[in-house]
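Enquirer: Supplied in structure tokens, the structure appears directly below.
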Amino acid sequence: MTTSAGAFGEDLTRASQTSDSWGRYYTSPIVSRSLIDSIEASKPKLVLELGSGSGSLCTAAATRWQDAKLVTVDVDHQAFKRLSTRNVGLKHRHSHFVHDVLDEALSDKIGLTLGTVDVAVCNPPYIRPRWRSDFGKILEAAGLSGTLTSVHDAGADLLFLAQNLRLLRQNGKLGLILPDGLVTAEKFGRVRRALLRQHLIEQVVQLPRGVFKGTEAQTYLAVLSKAAGETNQVVLRQMVQDGQLSAAIQVPQDAAEKRLDYTFHVRKLPQAASDGHRRMTVREALTDVVRGTVCSSAIADAGRPVFHLGDFAHRSEEQAVRIVPKRFALSDRAARLADARLALPGDILLARVGRDLEDRLALVVYGPCVISDCVFALRAKDEHRERLYRFLESDPGRHALASTAHGVAARFLSKTNLFEIQF
Ligand SMILES: C[S@@+](CC[C@H](N)C(=O)[O-])C[C@H]1O[C@@H](n2cnc3c(N)ncnc32)[C@H](O)[C@@H]1O
């Protein structure tokens, strides 16, 4: 275990009576869980937390990723004693270091190679340490030099973010809590632009004020994927007091560069869709959604036609509605005997996987019919079916599906993300 490098500057950003020279505001379990749950990483080997405090975030991370090695760093000697991970039997896979995160040579001091961390979680201190030459090197190595008008704007939040970026591997995930400044202030516009262009910012969630004891500061939860391509659209949400998340809104890169807060952008959304109807989520328009159960390798032996990805007709000017061909319709008897989940007449079929999933859409008129596990059947309420179909067929609808789908190589659409699309 290393020791602290000392030499910290004064606290400048917190004028309140409760301000703390190391910016020690601890994350509540509800926010920790929400942050960890919003990171899509299946089996990370190495999870890092810089500024781990009493360990709320890394404990949630260690609970979710039970095989991961955990590395935590905090300058506060007392923090380790309070680390809650010590109580959940993680000793053998947890290394803690007492050290200054803003040391340019941090990676050597904590025995990590730059660019190797799979998942980093962080709630940085919101203080402004006195400028040191190390900070310039850290910002530069993270691709953030030249984004600040003045070195006085380099807060520990930005510097911690930069250190995390240096340590993460490509496509590694960073889940962090951010203060209002980096998310909304005009002077950080170039920081946001650099981050949006260099990384995939997956989502930003505006947290309720007062989630951190001792401060009413506005904070956000953000998840990004390092160097996983440019961010063309950012998903913004708001968390309400009980931890529930609002429906998502999508904000294009140029608007996200201006600010990344949900409440600002949601106000700008038209209350009614362009066709004059009240805006609603896909979830509100449906009574059910069915995912097929026949996997592609079982289609040939299924003994009946199974509607799969290749069976979607291409979009065409002539065909107003793309209809599932009659040959897929089962007789009543066959439908009763079928041991697969069925799509029914009136259902809207969508591809749930594939590079061009937004182009695959069909309406079931003759049915019921069997669908593969790569297809969703959306069962819309009668009064919304036509409008939903028209939306999904339209350019904005295809765009919403495309930007909601996840995955770098094979893209897929989750039910949760589909439900949140607004039309
Ligand atoms: C906002 S608290 C967050 C604590 C914990 N991660 C959480 O979410 O509850 C920030 C932490 O960073 C630590 N810290 C502040 N400056 C630091 C520095 N330069 N190097 C390492 N740790 C630092 C503080 O001691 C504190 O524990």
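Enquirer: Check residue 158 against each of (1) part of a helix (DSSP H, G or I); (2) over 21 Å from residue 197 (Cβ atoms); (3) within 16 Å of the ligand (Cβ to nearest atom) and name the one condition it does not meet.
Expert: Checking residue 158 against (1) part of a helix (DSSP H, G or I); (2) over 21 Å from residue 197 (Cβ atoms); (3) within 16 Å of the ligand (Cβ to nearest atom), the one that fails is (2).
Enquirer: Pairs under 7 Å by beta carbon, first residue over 16 Å from residue 182 (Cα atoms) and within 15 Å of the ligand (Cβ to nearest atom) in segment 204-227, partner at pLDDT below 95 and not in a loop (DSSP other than H, G, I, E, B), six or more apart or different chains?
Expert: Listed by first residue and then by second, the contacts come to 211/31; 211/219; 212/219.
Enquirer: Any idea which of (1) touching a residue at least 24 places away in the same chain (Cβ under 8 Å); (2) surrounded by fewer than 16 Cβ atoms within 10 Å (Cβ to Cβ); (3) over 26 Å from residue 26 (Cα atoms); (4) among the basic types (Lys, Arg) is the one residue 268 doesn't satisfy?
Expert: With respect to (1) touching a residue at least 24 places away in the same chain (Cβ under 8 Å); (2) surrounded by fewer than 16 Cβ atoms within 10 Å (Cβ to Cβ); (3) over 26 Å from residue 26 (Cα atoms); (4) among the basic types (Lys, Arg), residue 268 is out only on (1).
Enquirer: Failed condition for residue 257, given (1) charged (D, E, K, R); (2) surrounded by 18 or more Cβ atoms within 10 Å (Cβ to Cβ); (3) closer than 21 Å to residue 123 by Cα, with all others met?
Expert: Failed condition: (3).
Enquirer: Scan segment 184-199 and tell me whether some residue there is surrounded by fewer than 23 Cβ atoms within 10 Å (Cβ to Cβ), free of Cβ contacts under 8 Å to residues at least 60 places away in the same chain, within 15 Å of the chain's Cα centre (by Cα) and within 29 Å of residue 43 (Cα to Cα).
Expert: yes
Enquirer: Additional query: Please name all residue pairs, on different chains or six or more residues apart, with Cβ atoms under 7 Å, provided the first residue is in segment 112-128 and is in the same structural domain as residue 168 (by TED's automatic domain parsing) and the second residue is among the acidic types (Asp, Glu).
Expert: Note: pairs meeting the criteria are 121/49; 122/49; 124/157; 126/157; 127/11.
Enquirer: Then there's this: Do you know which residues across segment 303-353 are over 23 Å from residue 414 (Cα atoms) and acidic (Asp, Glu)?
Expert: Matches in segment 303-353: 317, 318, 332, 339.
Enquirer: Output the residues belonging to segment 347-369 that are assigned to a loop (DSSP other than H, G, I, E, B) and either touching a Cys at 6+ places or on another chain (Cβ under 6 Å) or in contact (Cβ under 8 Å) with a residue 40 or more places away in the chain (or both).
Expert: 347, 352, 354, 355, 360, 364, 365, 366, 367 - these are the residues of segment 347-369 that are assigned to a loop (DSSP other than H, G, I, E, B) and either touching a Cys at 6+ places or on another chain (Cβ under 6 Å) or in contact (Cβ under 8 Å) with a residue 40 or more places away in the chain (or both).
Enquirer: Filter segment 111-127 down to residues that are in a loop (DSSP other than H, G, I, E, B) and within 11 Å of the ligand (Cβ to nearest atom) and give me whichever is surrounded by the fewest Cβ atoms within 10 Å (Cβ to Cβ).
Expert: Among them, the one singled out is 127.
Enquirer: What do you reckon, is residue 314 farther than 17 Å from residue 291 by Cα and within 33 Å of the chain's Cα centre (by Cα)? Walk me through how you get there before you give the answer.
Expert: Working: farther than 17 Å from residue 291 by Cα: yes; within 33 Å of the chain's Cα centre (by Cα): yes.
Spelling it out, residue 314 is indeed farther than 17 Å from residue 291 by Cα and within 33 Å of the chain's Cα centre (by Cα).
Enquirer: Does any residue of segment 168-181 turn out to be assigned by TED's automatic domain parsing to the domain that holds residue 107, within 15 Å of the ligand (Cβ to nearest atom) and more than 18 Å from residue 125 (Cα to Cα)? Lay out the reasoning, then the answer.
Expert: Narrowing segment 168-181 to residues assigned by TED's automatic domain parsing to the domain that holds residue 107: 168-181.
Restricting the remaining residues to those that are within 15 Å of the ligand (Cβ to nearest atom) gives 174-181.
Of the ones still in play, those that are also more than 18 Å from residue 125 (Cα to Cα) are none.
Checking segment 168-181: not a single residue is assigned by TED's automatic domain parsing to the domain that holds residue 107, within 15 Å of the ligand (Cβ to nearest atom) and more than 18 Å from residue 125 (Cα to Cα).
The values are calculated or read from the model by the stated rules, or taken from the named source; none is laboratory data. Keep in mind that this is a model prediction, so the values were computed, not measured. Here Cβ is always computed from backbone atoms with ideal geometry, including for glycine, and neighbour counts include all displayed protein chains.
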